[in-house]
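Quick notes on the structure that follows.
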Amino acid sequence: MLRKMKAVLAGLLLLISAGCGGDDRGGERFEIFHLETAIGPPGNDGELRCGPPRSACPGVVTQPPPRAFRYPVRASPAVTSEDIDRSTVRRGTDTATGTPFVSVDLTAQGRKAFARLTKEVARVGGRDQGWHHVAVVVGDEIVAFPEIDFDAYPDGFTDAPGIQIVATSSVDALDLVRRLRGESD
């Protein structure tokens, strides 16, 4: 499962489209954190949650998670709703694996913020000799937590125009698109 998250990160960062927006009207909040430094351990209390339908949750040994877990936020997010172009949010399917995903373009400022975040995550992971992760949050839910491989990306991702969030199913991808765009069912 964690190897799949590594593939998610590669997909997160290799989009071709260039974002230009930052429109926060109508959709749920979007944030990306350095998981190990900004988010506390799983428990019963906290501002963020993770659980079904997610196939994995940070710090939870049993996968898929048997229930929803809560996570305290210890630091501000590095990327926020202001750093994405909501008009570009769309779902897709990886042609090689059939895995559904959601694409989100970053604004120019979002690209810079994401580059700073991934560089920090890679460098701290390299220092600790362990992979660190980014936590992607939609609303109050951790929807993905891909790792940054400090050996492969020691400077993080310097100019990613967008991200891809791997969904658990086509229905989940559609739900994430609706939540990010602020659309009803």
| Residues located in region 34-59, provided they are out of contact with any strand residue (DSSP E or B) (no Cβ under 7 Å at 6 or more places or on another chain) and farther than 26 Å from LEU174 by Cβ | THR37, PRO41, GLY59
| Any idea which residue in region 120-151 is nearest to the chain's Cα centre (by Cα), counting only those that are assigned to a helix (DSSP H, G or I) and more than 24 Å from PHE101 (Cβ to Cβ)? | GLU120
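Kindly check whether there is at least one residue in region 152-166 that is surrounded by fewer than 17 Cβ atoms within 10 Å (Cβ to Cβ), under 17 Å from PRO58 (Cβ atoms) and either under 17 Å from the mean Cα position of the chain (by Cα) or polar (S, T, N, Q) (or both). Show your work before the answer.
Residues of region 152-166 surrounded by fewer than 17 Cβ atoms within 10 Å (Cβ to Cβ): 152, 154-155, 158-159.
Filter again for under 17 Å from PRO58 (Cβ atoms), leaving none.
No, because not a single residue in region 152-166 is surrounded by fewer than 17 Cβ atoms within 10 Å (Cβ to Cβ), under 17 Å from PRO58 (Cβ atoms) and either under 17 Å from the mean Cα position of the chain (by Cα) or polar (S, T, N, Q) (or both).
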| query | Counting only residues that are among the hydroxyl-bearing types (Ser, Thr, Tyr), in contact (Cβ under 8 Å) with a residue 40 or more places away in the chain and closer than 16 Å to ARG29 by Cα, how many does region 157-185 have? | reply | 0
| Considering ARG111, ARG116, ARG74, which residue is more than 22 Å from ARG179 (Cβ to Cβ), at pLDDT 95 or above and crowded, with 20+ Cβ neighbours inside 10 Å? | ARG111
| message | Looking only at region 60-81, how many residues end up being closer than 27 Å to SER169 by Cα and in contact (Cβ under 8 Å) with a residue 40 or more places away in the chain? | response | 6
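The values are calculated or read from the model by the stated rules, or taken from the named source; none is laboratory data. What you see is a predicted model, and the numbers here were worked out from it, not measured in a lab. We place every Cβ from the backbone using ideal geometry, glycine too, and count neighbours over all the protein chains shown.
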